[in-house]
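A short write-up of the structure that comes next.
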Amino acid sequence: MDNEDLFLCIDHVAYACPDADAASKYYQENFGWHEIHREENPEQGVCEIMMAPAATLSPDMTQVQVMSPLNDESTVAKWLAKNNGRAGLHHMAWRVDDIDAVSATLRERGMKLLYEEPKLGTGGNRINFMHPKSGQGVLIELTQYPKN
Ligand code: V0V
Ligand code: CO
(Lines give C-alpha, C1' and ligand atoms only; values in the text may rest on other atoms or scores of the structure.)
(Ligands and ions follow the chains in the order given, each with its own letter.)
Protein backbone atom coordinates (compact mmCIF):
# COMPACT_ATOMS: atom_id res chain seq x y z
CA MET A 1 0.00 0.00 0.00
CA ASP A 2 1.05 3.60 -0.55
CA ASN A 3 1.77 5.62 2.58
CA GLU A 4 -1.15 7.97 1.82
CA ASP A 5 -3.61 5.07 1.98
CA LEU A 6 -2.47 3.49 5.26
CA PHE A 7 -4.22 5.49 8.02
CA LEU A 8 -7.42 7.55 8.19
CA CYS A 9 -7.20 9.32 11.57
CA ILE A 10 -6.61 8.80 15.27
CA ASP A 11 -9.71 6.85 16.26
CA HIS A 12 -9.09 6.93 20.00
CA VAL A 13 -6.58 7.47 22.73
CA ALA A 14 -6.93 5.00 25.58
CA TYR A 15 -6.71 5.85 29.25
CA ALA A 16 -6.18 2.91 31.61
CA CYS A 17 -7.34 3.20 35.21
CA PRO A 18 -8.58 0.95 38.01
CA ASP A 19 -12.24 2.07 37.71
CA ALA A 20 -13.57 3.03 34.25
CA ASP A 21 -17.00 3.94 35.60
CA ALA A 22 -15.56 6.45 38.07
CA ALA A 23 -13.32 7.92 35.36
CA SER A 24 -16.30 8.30 33.01
CA LYS A 25 -18.22 10.20 35.68
CA TYR A 26 -15.18 12.43 36.26
CA TYR A 27 -14.99 13.24 32.52
CA GLN A 28 -18.72 13.96 32.41
CA GLU A 29 -18.89 16.13 35.51
CA ASN A 30 -15.69 18.12 35.04
CA PHE A 31 -15.20 18.23 31.28
CA GLY A 32 -18.73 17.77 29.90
CA TRP A 33 -17.70 14.71 27.90
CA HIS A 34 -20.34 12.22 26.84
CA GLU A 35 -20.48 8.48 27.12
CA ILE A 36 -20.97 7.21 23.56
CA HIS A 37 -20.69 3.48 24.10
CA ARG A 38 -19.63 0.97 26.73
CA GLU A 39 -18.91 -2.72 26.66
CA GLU A 40 -16.94 -5.48 28.28
CA ASN A 41 -14.45 -7.34 26.11
CA PRO A 42 -13.53 -10.57 27.94
CA GLU A 43 -10.94 -11.57 25.32
CA GLN A 44 -9.09 -8.29 25.87
CA GLY A 45 -9.83 -8.37 29.62
CA VAL A 46 -11.26 -4.87 29.75
CA CYS A 47 -14.33 -2.85 30.60
CA GLU A 48 -14.20 0.06 28.19
CA ILE A 49 -16.16 3.26 27.80
CA MET A 50 -15.91 5.35 24.64
CA MET A 51 -16.23 9.07 25.34
CA ALA A 52 -16.47 12.13 23.12
CA PRO A 53 -16.77 15.89 23.61
CA ALA A 54 -20.23 15.87 21.96
CA ALA A 55 -23.31 13.74 22.53
CA THR A 56 -23.35 12.74 18.88
CA LEU A 57 -20.19 11.38 17.40
CA SER A 58 -19.13 12.86 14.09
CA PRO A 59 -17.13 10.58 11.78
CA ASP A 60 -13.70 12.09 12.34
CA MET A 61 -14.04 12.87 16.05
CA THR A 62 -11.28 11.26 18.10
CA GLN A 63 -12.61 9.52 21.19
CA VAL A 64 -11.12 8.76 24.57
CA GLN A 65 -11.37 5.10 25.49
CA VAL A 66 -11.59 4.87 29.25
CA MET A 67 -10.78 1.34 30.34
CA SER A 68 -10.16 -0.76 33.41
CA PRO A 69 -9.19 -4.42 33.81
CA LEU A 70 -11.88 -7.08 34.18
CA ASN A 71 -9.59 -9.40 36.15
CA ASP A 72 -6.01 -9.89 37.36
CA GLU A 73 -4.99 -11.74 34.18
CA SER A 74 -5.85 -8.76 31.98
CA THR A 75 -2.91 -7.15 30.15
CA VAL A 76 -4.24 -3.84 31.49
CA ALA A 77 -4.03 -5.17 35.08
CA LYS A 78 -0.40 -6.07 34.40
CA TRP A 79 0.24 -2.62 32.93
CA LEU A 80 -1.34 -0.87 35.94
CA ALA A 81 0.66 -3.03 38.36
CA LYS A 82 3.89 -2.13 36.55
CA ASN A 83 2.85 1.52 36.78
CA ASN A 84 2.44 1.17 40.57
CA GLY A 85 -1.35 1.31 40.20
CA ARG A 86 -1.30 4.74 38.61
CA ALA A 87 -3.68 5.51 35.77
CA GLY A 88 -2.30 6.86 32.50
CA LEU A 89 -2.29 6.77 28.73
CA HIS A 90 -2.11 3.18 27.51
CA HIS A 91 -2.40 3.18 23.71
CA MET A 92 -3.38 5.17 20.65
CA ALA A 93 -5.62 3.67 17.96
CA TRP A 94 -5.26 4.51 14.28
CA ARG A 95 -8.32 3.98 12.11
CA VAL A 96 -7.80 2.01 8.90
CA ASP A 97 -10.05 1.13 6.00
CA ASP A 98 -8.56 -2.31 5.31
CA ILE A 99 -6.76 -3.84 8.28
CA ASP A 100 -5.59 -6.88 6.31
CA ALA A 101 -3.87 -4.76 3.66
CA VAL A 102 -2.40 -2.35 6.23
CA SER A 103 -1.12 -5.25 8.37
CA ALA A 104 0.53 -6.85 5.34
CA THR A 105 2.29 -3.60 4.46
CA LEU A 106 3.45 -3.04 8.04
CA ARG A 107 4.77 -6.61 8.25
CA GLU A 108 6.66 -6.11 5.00
CA ARG A 109 8.28 -3.12 6.68
CA GLY A 110 9.38 -5.29 9.61
CA MET A 111 6.77 -4.13 12.13
CA LYS A 112 5.70 -6.62 14.79
CA LEU A 113 1.94 -7.10 15.01
CA LEU A 114 0.66 -8.90 18.11
CA TYR A 115 -1.95 -11.11 16.44
CA GLU A 116 -1.71 -13.26 13.32
CA GLU A 117 -5.31 -12.32 12.49
CA PRO A 118 -7.35 -9.32 13.71
CA LYS A 119 -9.47 -9.80 16.84
CA LEU A 120 -12.81 -8.40 17.97
CA GLY A 121 -12.68 -4.79 19.20
CA THR A 122 -15.12 -2.16 20.38
CA GLY A 123 -18.45 -2.12 18.55
CA GLY A 124 -17.53 -5.09 16.39
CA ASN A 125 -14.41 -3.46 14.93
CA ARG A 126 -11.50 -5.62 13.76
CA ILE A 127 -8.38 -4.75 15.72
CA ASN A 128 -4.70 -5.58 15.97
CA PHE A 129 -1.79 -3.97 17.82
CA MET A 130 1.73 -2.99 16.88
CA HIS A 131 4.16 -3.96 19.60
CA PRO A 132 5.52 -0.94 21.55
CA LYS A 133 8.98 -1.78 20.18
CA SER A 134 7.67 -1.16 16.64
CA GLY A 135 5.74 1.89 17.84
CA GLN A 136 8.86 3.57 19.21
CA GLY A 137 7.73 3.02 22.79
CA VAL A 138 3.99 3.48 22.18
CA LEU A 139 1.41 0.69 21.89
CA ILE A 140 -0.49 1.38 18.66
CA GLU A 141 -3.81 -0.24 17.83
CA LEU A 142 -5.12 -0.62 14.28
CA THR A 143 -8.91 -0.51 14.10
CA GLN A 144 -11.26 -1.12 11.20
CA TYR A 145 -14.99 -0.41 11.45
CA PRO A 146 -17.43 -3.07 10.25
CA LYS A 147 -18.19 -2.79 6.54
CA ASN A 148 -21.90 -2.61 5.69
C1 V0V B 1 3.89 -2.72 27.68
N2 V0V B 1 4.84 -1.91 27.19
C3 V0V B 1 4.27 -0.78 26.78
C4 V0V B 1 2.89 -0.93 27.02
N5 V0V B 1 2.68 -2.15 27.59
N6 V0V B 1 4.79 0.30 26.20
C7 V0V B 1 3.93 1.30 25.89
N8 V0V B 1 2.60 1.23 26.11
C9 V0V B 1 2.05 0.14 26.67
N10 V0V B 1 0.74 0.09 26.87
C11 V0V B 1 6.28 -2.19 27.11
C12 V0V B 1 6.88 -2.51 28.47
O13 V0V B 1 7.27 -1.32 29.12
C14 V0V B 1 8.05 -3.38 28.10
O15 V0V B 1 9.11 -2.60 27.63
C16 V0V B 1 7.52 -4.19 26.91
O17 V0V B 1 6.46 -3.38 26.35
C18 V0V B 1 6.96 -5.54 27.33
O19 V0V B 1 5.99 -5.29 28.34
P20 V0V B 1 5.56 -6.28 29.50
O21 V0V B 1 5.19 -5.45 30.67
O22 V0V B 1 6.55 -7.39 29.67
O23 V0V B 1 4.18 -6.84 28.98
P24 V0V B 1 3.86 -7.96 27.93
O25 V0V B 1 4.96 -8.13 26.92
O26 V0V B 1 3.38 -9.16 28.65
O27 V0V B 1 2.59 -7.24 27.25
C28 V0V B 1 2.68 -6.07 26.53
C29 V0V B 1 1.70 -6.17 25.37
C30 V0V B 1 0.31 -6.43 25.96
C31 V0V B 1 1.78 -4.85 24.58
C32 V0V B 1 2.16 -7.33 24.45
O33 V0V B 1 -0.08 -5.35 26.78
C34 V0V B 1 -0.74 -6.66 24.93
O35 V0V B 1 -0.92 -7.77 24.44
N36 V0V B 1 -1.49 -5.59 24.56
C37 V0V B 1 -2.50 -5.69 23.50
C38 V0V B 1 -3.87 -5.92 24.06
C39 V0V B 1 -4.37 -4.76 24.89
O40 V0V B 1 -3.63 -3.88 25.28
N41 V0V B 1 -5.70 -4.81 25.19
C42 V0V B 1 -6.36 -3.76 25.97
C43 V0V B 1 -7.03 -2.76 25.12
P44 V0V B 1 10.61 -2.92 27.99
O45 V0V B 1 10.65 -2.91 29.48
O46 V0V B 1 10.86 -4.28 27.38
O47 V0V B 1 11.37 -1.82 27.34
S48 V0V B 1 -8.39 -3.44 24.24
C49 V0V B 1 -8.89 -2.24 23.10
O50 V0V B 1 -8.17 -1.19 23.01
C51 V0V B 1 -10.02 -2.50 22.35
C52 V0V B 1 -10.86 -3.70 22.54
C53 V0V B 1 -10.45 -1.53 21.30
O54 V0V B 1 -10.02 -0.41 21.29
O55 V0V B 1 -11.29 -1.92 20.44
CO1 CO C 1 -8.36 0.64 22.00
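The values are calculated or read from the model by the stated rules, or taken from the named source; none is laboratory data. None of these values were measured; they are calculated from a predicted model. For neighbour counting, all protein chains shown are included, and Cβ atoms are generated from backbone atoms with ideal geometry for every residue, glycine included. Accessible surface areas use protein heavy atoms only, side chains included; no ligands, DNA or RNA. Shrake-Rupley method; radii C 1.70, N 1.55, O 1.52, S 1.80 Å.
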Where the centre of each part is set by its Cα atoms, how far does region 107-134 sit from region 80-96, in angstrom?
16
Quick check: at a probe of 1.4 Å, how many percent of the accessible area of region 3-144 sits on carbon and sulfur atoms?
51
Accessible area expressed per residue, the chain, with surrounding protein chains retained (probe 1.4 Å, Å²)
57
Count the lysine pairs in the chain whose Cα atoms lie under 22 Å apart, taking only pairs 8 or more positions apart in sequence or on different chains.
7
In Å, what Kirkwood hydrodynamic radius results for the chain from the alpha-carbon pair distances?
15.8
Per DSSP helix of 4 or more residues, -39500 (n - 2.57); summed, then divided by the residues of the chain. What does that give at 222 nm, rounded to the nearest 500?
-6000 deg cm²/dmol
Compute the helix-to-body angle for 99-108: its Cα long axis versus the longest principal axis of the chain, expressed 0 to 90° and rounded to tens.
60
Contact order relative to length of the chain, as percent, for alpha carbon pairs under 8 angstrom and 6 or more apart:
25
Using +1 at the C-beta of Lys and Arg and -1 at the C-beta of Asp and Glu, which of SER24, GLY121, GLY110 has the Cα lying farthest in the positive direction of the dipole of region 3-144?
GLY110
